[in-house]
Every structure is written in C-alpha cells, then in structure tokens.
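Structure record follows, encoded as structure tokens.
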Amino acid sequence: MTREQTRRAFLAATTGAAVGLAGCLSAAPGTRRSPPSPDRSLFVGAFHWGFVVLTGDGTRHPSVTVSEGDVIQFVAFNMEAETAISRLPQVVRTHLPDHEALEAANDADIPPPPNGTLAQKRAEANAEYPDHSVALVPSGGMMSGGGMGRGGMLFHPLFLAHDATTPVEATFETPVAEEYSLECLTYCGYGHPYMDLDDALAVR
Ligand SMILES: [Cu+2]
C-alpha cells in the first residue's frame, strides 16, 4: 500500500466505530460539547519502536497514575514530525529524549532480527513505514473488550503521520479503575509487534 492508502485504510477502519464512545468528550460528531479543562495532560511521542510519555512539566514516565473520573488531555505525535513537535509546550519539547537515546533503550527490548541488524530494520522502517498510530487499550487483552467505552478503548485510535504539522489530541474522562497500555495499530516495520507500552496509564 502507498502511504496515502495506508492512511485511508486506517481512517476507514477506525472512523465508523467512533460514535457512542463512552467517556470520550470530543469524538462523536453531533454530540460535541466543549471538553472541560483537563486534570492532566499527557504528551505521547511515537518512534520506531515504542512510545515516550511525558507529563506537562516535562517529566518522562513509564506509567502515569490518575484518578477515576479525571479528564485527560492526550496529545500525541510522531517523533519524526518536527513541525508538530514545534507546537508542543517548550518544557515538553526540551525534555523529549533524542533518537539515539530511544534507539539504545529500544535495542534492549526488541529481539534481534533473523537477518540483518536492528539498525538496518529501523532504517528500512523509517523509509517505508514512517507512520504510527496510538490507541489506549485495557492492559492484557488487546481489543478483546469488544471496542470502545467501558472496558474498551478510551478514545478513537489516533493516526500519527511522520509529516503531520500538528499534534493529534483526544480528551477523555477515565471511566473505570484499570490499567491501560499504549499500542500502535499501524504497521511500522520489523519492530511493530513490539510497539506497545504496558500499563502506561493506571486509573485508581
Ligand atoms: Cu506500528
């Protein structure tokens, strides 16, 4: 598929299901109300192959704990999307890890490919599969909860193009006390099956 086809396929696969997304304050056309001011902002960068999560003060977290009913502003971007990143708050931008640091950490988490090196696979992925997406799903059962809402995804998956000019946002209310993981739903090369961050959000 071309990139544009990939993007269209992603939109077709995910757009129709958005209506009725429980806890989502911004997705469904016709039911839009202005989201209340968030209790917490999370900034999520996607790279080959993983996610970084920062809070609004620029601190990086393996897992963020929030309270049930908190309104979360989720701001996501592709780590290649320089223009989108330039629009982030400065304290977040200056604390984003550089690619070398991410890749070094990554090499410990991803099994070596049977042919070639991880560095080669990453270069291929950057050239051929530069886009990602992000979904926040209950830990331990990808999509098994049967879609959105209670026990399912907290918002519609967000497409993270490598050449996006703005970050992508979702605002949602945390519905139930549970752990949620970040997953990439867009094929992004060799490491795609490992592109998740377990228990990135813990609701208490
Ligand atoms: Cu992916």
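The values are calculated or read from the model by the stated rules, or taken from the named source; none is laboratory data. Not measured: the values here are computed from a predicted model. As a convention, Cβ positions derive from the backbone with ideal geometry for all residues, glycine included, and neighbour counts pool all protein chains shown.
Scanning segment 163-175 finds no residues that are within 16 Å of the ligand (Cβ to nearest atom), at negative phi and surrounded by fewer than 19 Cβ atoms within 10 Å (Cβ to Cβ). Would you mention how many residues in segment 191-204 are surrounded by fewer than 20 Cβ atoms within 10 Å (Cβ to Cβ) and in a loop (DSSP other than H, G, I, E, B)? Here the count works out to 1.
Looking only at segment 158-182, residues that are of a type in the set (Asp, Glu), modelled with pLDDT of 95 or more and either touching an Asp or Glu at 6+ places or on another chain (Cβ under 7 Å) or not in a strand (DSSP E or B) (or both) come to 1 in all.
Residues are listed down the side, and each one gets a yes or a no for (1) under 18 Å from Cys184 (Cβ atoms); (2) among the hydrophobic types (A, V, I, L, M, F, W, C); (3) more than 16 Å from the ligand (Cβ to nearest atom):
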residue	(1), (2), (3)
Gly69	no, no, yes
Asn78	yes, no, no
Leu88	no, yes, yes
Lys121	yes, no, no
Ser133	yes, no, no
His156	yes, no, yes
